Structure formats: C-alpha cells, structure tokens
1. Condition first: out of contact with any strand residue (DSSP E or B) (no Cβ under 9 Å at 6 or more places or on another chain), buried (at least 19 other Cβ atoms within 10 Å of the Cβ) and not charged (D, E, K, R). Now tell me which residues in the range 321-340 satisfy that.
2. Would a scan of the range 349-364 turn up a residue that is modelled with pLDDT under 95, of a type in the set (Ser, Thr, Tyr) and under 29 Å from Leu177 (Cβ atoms)?
3. State all residues of the range 134-152 that are open to solvent by 10 Å² or more (accessible area, probe 1.4 Å) and not in a strand (DSSP E or B); if no residue qualifies, say none.
4. Quick one: which helices (runs of 4 or more DSSP H) lie wholly within the range 286-342 and hold at least 3 residues that are touching a helix residue (DSSP H, G or I) at 6+ places or on another chain (Cβ under 7 Å), more than 17 Å from Val85 (Cα to Cα) and not small (Gly, Ala, Ser)?
5. Given (1) more than 21 Å from Thr348 (Cβ to Cβ); (2) not in a loop (DSSP other than H, G, I, E, B), identify the lone condition not met by Gly106.
6. Take the residues of the range 57-99 that are in contact with a strand residue (DSSP E or B) (Cβ under 6 Å, 6 or more places away or on another chain), free of Cβ contacts under 8 Å to residues at least 60 places away in the same chain and closer than 17 Å to Ala114 by Cβ: which is most open to solvent (accessible area, probe 1.4 Å)?
7. Could you please let me know if Leu97 is touching a Cys at 6+ places or on another chain (Cβ under 6 Å) and either among the aliphatic types (A, V, I, L, M) or under 19 Å from Val359 (Cβ atoms) (or both)?
8. Kindly check whether there is at least one residue in the range 183-193 that is closer than 30 Å to Asp280 by Cβ and touching a residue at least 12 places away in the same chain (Cβ under 8 Å).
Amino acid sequence: MSTDNKKTVMDRRTLLRAGAAAAFAAPIGTFGAQAFTPRAVAPAIDFSEFPICRTASDAPPLAGSARKLKLSWNAGAVCLAPLPVAIDHGFFQKQNLDVELVNYSGSTDQLLEAIATGKSDAGLGMALRWLKPLEQGFDVKIAAGTHGGCMRVLTRANSGVDKLADLKGKIVAVGDLAGPDKNFFSIQLAKLGIDPVKDVDWRAYPGNLLNVAVEKGEVQAFLSSDPLAYLWLKDPQYKEVASNLDGEYRDRTCCIVGLRGSLVREEPNVARAVTQALLDAAMSTAQNPDKAAKSFQPYAPKAASLADLDAMVRYHTHHHHPTGDALKRELKGYADDLKSVQVFKPSTDTAKFAERIYVDVFSV
C-alpha cells in the first residue's frame, strides 16, 4: 500500500473512531428531558401494508386538554428513530398527547422501576434486556414491538472468524455482560451446539472502545449495535459475522413498548393513544426512511451522514411491529430462548409469563 493510501485509510479510521466515540462522550442521560413542538404534518401512511393497524389508528384522539406523559428512551439508539418522528411529524399530537422524552442512562432495572413507580409513564427498550427483569415482577406491561435489527457481531476482515460458529474457543468483547446482544448471540451459539458459557470467553469493554480491543489483539470479535456498528463497518478492515436479522429472527421484533401498569389499569385510553402514536410513527419510518433519518440526525454521532442514517433506518425492520397474539408468541419464544442459555429460571412457565407481561391496549 502506498504512503498516500495508508494515510487515507488512517484518516478515515481516525474520523470514524472519533465520530463514533463522540456519541458516547457525554454520559447518556445528561441530555435529560426534552420537550418538542412538531414541525411538520404527519406523512401519509399507506395502510394497505399494515391492515391490522388501520382501525386502531382511526380511533378518536383523547378528549380535553392534551395529556402530558413522560417517555423514556436511549437518545443514541438509531433504531428508536420513530420517537423523534412521532414528535416532528405530530403523531403524538394527533392522539392529543403532550410527550416529554427522557433520555435514560441508568440500568434496565432502574428504568423499569421508574416506569413501574410512575417516574415515567412509558419507555422503549430491547426485549432481550427487559424480559429478565420483567420475570422478577415489575409492574410494566408490554403493548407492542417496534422493529427488528440493530445488533451485530463484528471482527477484523482478516481475523479468520467468518461465521458465528467460529466464535467457539474465542475471546469476544461486549459492552455489557448482561446485554441484549450477548443474550441474543449466546442463544444462537447454543442452537449451533456451542455452549456460550464454557466455549466462549466474553469480556466487557466500554462500548465505544470495543473495536480497539480487537485491533490490539485482546479479542477476536466484538458485539455492537447501530449506529456504532454501522459506522465501524464503513471501514473495510472490519466485517460483519452475524446480526439479529439472520434466519428466523428476521421476522421477530427487537425493541418493545413498555407501559406503566397503573396507566394501563386507570387510563386505558391513554395507554392505547401512546401505543398507537408509536406504531403510526414506526409505519411512517418504514415508508419514509429519509424523513426518519432527518428526524434522528440531531441525536446521531457527527460521523454519521444523513445517507448513513437513511441506510440504517432502511436496514432495521420498522415495518415489523407486532401486537396481540403475534407479539405474545414472540415474547414466549424469547423467554424459551433465554431459558436455553440459563438466563431465565428453569421453572418459569414461559406461556404464562408472556400472557402476564403483555397487554392488549386496543381492546379498550
């Protein structure tokens, strides 16, 4: 490689690292609560793609003055782009809701406790991070899935790790030893006959330094989610080994909508309204990824261009946001998977568990 080419590669890699790390430079949560004014009319939604949602979306908005709600999210997660879409394009306003977004930085247990105790009214998070705490009995109900995709296994292009089975006997870096990506890929390894506890050495690193661990040779692969994973993959020295859109999981939800239990019981119409606004925003995101990318851009790493964000939104399956029996089946399936890797208790009745945590907000 020529000196000029080496310099180009290094400059590009330095830019990617710096821009990606900037997304995590301030602790998540320091942004705090955010209130917004919708800036555009909601894009038209083609309900022929989502026939089940038409009746619910056409339900009348809440009566009276706008109902104020707090909704918790991780502002750095591009897969949650439907939230700023709901703000920017008036989907909350359409339901007569005044929503305050709270960028949450605590643990999942703390987030679910905040929802359960009324510090927040609702939240979005990853199913494989939420289900274990919900097994413990938090008063939070799951109303809908929002999308699939966003978790990936990455490695160096010349690592010799070409498929998930190649992780056997390897050291793998993760941002969180109890994270949804570790849970997900542990499940996949178990299905390949590989013991994810005994056959893989998982090591925790700060999320924005995962690639440094593999560059130093301390690990042979690492797990990450978008936008960081996508940005690292722009560097040709990295490659994707697997994602949570592989195989049967292409048609499963990744993130879920959780509602305060007391909100569901005492104000079911409010629970329905906020869930419907989020589903409408998800449908709009699927059909208008360019607009969704613009809505999410203020929260994105500086290294992520609008074209990058558009590509990420298109990659994530925002057209897949199940409710009803379909969601209960997916929740049970995940619970069964978590039992297989010893995350759930062997005694947990996964069918009863899925029934307990799910709520049909559209039956009110």
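The values are calculated or read from the model by the stated rules, or taken from the named source; none is laboratory data. Keep in mind that what you see is a predicted model, and the values were worked out from it rather than measured. Quick reminder, even Gly has a Cβ in these numbers, built from the backbone with ideal geometry, and neighbours come from all protein chains shown. We work out accessible area using only protein heavy atoms, side chains counted, and drop any ligands, DNA or RNA first. Shrake-Rupley method; radii C 1.70, N 1.55, O 1.52, S 1.80 Å.
1. Tyr334, Ala335, Leu338
2. no
3. Glu135, Gln136, Gly137, Phe138, Asp139
4. Answer list for the range 286-342: 324-340.
5. For Gly106, the exception is condition (2).
6. Selected residue: Lys68.
7. no
8. yes
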